[in-house]
Every structure is written in structure tokens, then in C-alpha cells.
1. Given +1 on the Cβ of Lys and Arg, -1 on the Cβ of Asp and Glu, and no further charges, what dipole in debye does the range 1-90 carry about its Cα centre, rounded to the nearest 20?
2. Evaluate the charge dipole of the chain about its Cα centre and quote only its size in Debye, nearest 20, assuming +1 on the Cβ of each Lys and Arg and -1 on the Cβ of each Asp and Glu.
3. Which whole-Hz ³J(HN,Hα) couplings does the range 224-238 yield from phi under the Karplus relation 6.51 cos²θ - 1.76 cosθ + 1.60, θ = phi - 60°, glycine and proline marked x?
4. Please list 3J(HN,Hα) in residue order for the range 118-125, calculated via the Karplus relation 6.51 cos²θ - 1.76 cosθ + 1.60 where θ = phi - 60°; whole Hz, with x for glycine and proline.
5. Using only alpha carbon positions, build the gyration tensor of the range 96-147, then give the equivalent ellipsoid semi-axes as the square roots of 5 times its eigenvalues, largest first, whole angstrom.
6. Give me the percent of accessible area attributable to carbon and sulfur for the chain, probe 1.4 angstrom.
7. When the Karplus curve 6.51 cos²θ - 1.76 cosθ + 1.60 is applied with θ = phi - 60°, which whole-Hz ³J(HN,Hα) does each residue of the range 51-67 get, with x for Gly and Pro?
8. For a quick protection proxy, order the peptides 70-78, 218-226 by their average other-Cβ count within 10 Å, most packed first.
Amino acid sequence: MQDDVRPMFAANWKMHLGPEETASFVQRFADLHEVRQGARVVFFPPYLSVGAFLASSRSRPDLELGVQDVHQETAGAHTGAVSAPMAKQAGARWALAGHSERRREFGDDDVAVAAKVARIIDEGLRPVLCVGETLEEREAGELEVVLSRQIEAVLSSLAADRLPSLTYAYEPVWAIGTGRTASPDDAAQAHAVVRQEIRRCGGRTDAVILYGGSVKPGNIDALLAAPGVDGVLVGGASLDPESFAAICAGGV
Ligand code: PEP
């Protein structure tokens, strides 16, 4: 898949913003953020807010929709889960896989993440594969080992023709929701490792790689200027339309 767009700005709303709040967010954001040629903006709202997102963004097809997770099966007795075909039918184009909160809270291990990525691609959605190390792993000097394991688990399980369609997000777990951001140098170094692992595993080395972890209007320009950082995945600062609009204006 070759329609990669840089910079990419992605908003992961996690378990925030219900349908009513989503409608007001989109209205306000659309006033603040003009269509930006050559950039991509993707929102990952909670499932229940997907309908409100689509209804309120009808006049703004530049604001793309994704879901925060999908089950690896297409249907079945999996209470509380949502499948990739359902996400697609509902209007999503993107899906996250392997977010550290899913890995930690819901037991998504490398095998499950690989199965989810394969399903996402099979259903014609675009996956954003999230990878990243914990503080303990970083302090133990295991950055490369962890990134290598997480990337290889997914890429080694995919047929060669599916490898090109991945987008990646490097999200150091110690920087997510903590207010502690990786320095631009840290981000550049980790993105180089991610790219090197993608190459080693036969993936496309010019893939889009996002940085995630306490991105804010105040650090967006420095992060986007770091070599190899193609965009950002934003949690907390994407919940406020002013703040996310400022982020989406960054890097120019
Ligand atoms: C995230 O959850 O993907 C994230 C990067 O969160 P935050 O921006 O709040 O650190």
C-alpha cells in the first residue's frame, strides 16, 4: 500500500469522549483545523462514538476514522469484542494493534497482536502496529531486544504481500500518559531501531513510523523534526480540540 502520507497525526481517545462529546469535539476541531494538504489526520474514538464521529465529520472527509482494537476472529462468542469486518462496515479505515494498554490490561501478547494485524489487513483496514519498551526494559538496555521481538512476531507471521501495508507507532511505555516525553534524540534513535528491524524482517523500510508518548503542542515541532519521525500518535492532548488542532498544525 503506497498511499503513505507524512506527517500523520493520530488521536487515540482511549476510554474518553462519548457520542455527545464526540459530536462537540468534531464540530469545534473542524472550525479550528483547516484541511491540511499533504498531512493525514486519523481519530481512534471509543466504539460507541464511531457513529457520532462519522455523522459530525460528514463534511470533512479529510478526518479519517479508526478503531482502537479488533478481535482476531471475524465473529463468534466473544462477549464485549468487536471484529475487523464490523469496524469496516461501521466506516473505519484504520485499526490500532498492540497498544501497550491492551498488552498490559487485556493480555494481548505478541501472538495475539500478530493475529490481529493479519485480520486487520485481510479485512482491508490499515493497521497501526504499536511497539515500545517499559522503563525497566530501557534501563536494562533492552530497547533493541524488545522492539525486535515485537516487530518480528508480527512481520514473520505475515505473507510477503501483506508486509507493505503496515504503519508503526513507537510508543515508549514510560512516556505514555506520564507527561514524560522521549527527547527528539531518543525518538530518532528508537525509530532507527524500528526501521532496522522492519528491514531485517522483510518489511517496507519507508513505512510511516509515528512517535507516541506525551506529545503536546509544545513539543510537536521538535519531535517532527527528529530524523525518522513521520507523525505522532497522541493520547491525552488529543482530547481537547484546541490542543489537538495545535498539534496538527505542527511541523511546518
Ligand atoms: C497513547 O496512548 O497512545 C499515548 C501516546 O498517550 P499520551 O499521549 O497521553 O501519552
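The values are calculated or read from the model by the stated rules, or taken from the named source; none is laboratory data. Please read all numbers here as calculations on a predicted model, not as lab measurements. All Cβ positions, even for glycine, are placed from backbone atoms using ideal geometry, and neighbour counts span all protein chains on display. Areas reflect the complete protein model, heavy atoms only, side chains present, ligands, DNA and RNA absent. Shrake-Rupley method; radii C 1.70, N 1.55, O 1.52, S 1.80 Å.
1. Dipole magnitude for the range 1-90 comes out near 100 debye.
2. 520
3. 3J(HN,Hα) across the range 224-238, in whole Hz: 5, 7, 6, x, x, 8, 9, x, 9, 10, 10, x, x, 6, 8.
4. 4, 5, 4, 5, 4, 8, x, 9
5. Ellipsoid semi-axes (Å, largest first): 24, 11, 8.
6. 53
7. So the J values, rounded to whole Hz, are x, 5, 4, 5, 4, 7, 9, 3, 7, 10, x, 6, 8, 8, 10, x, 10.
8. 218-226, 70-78
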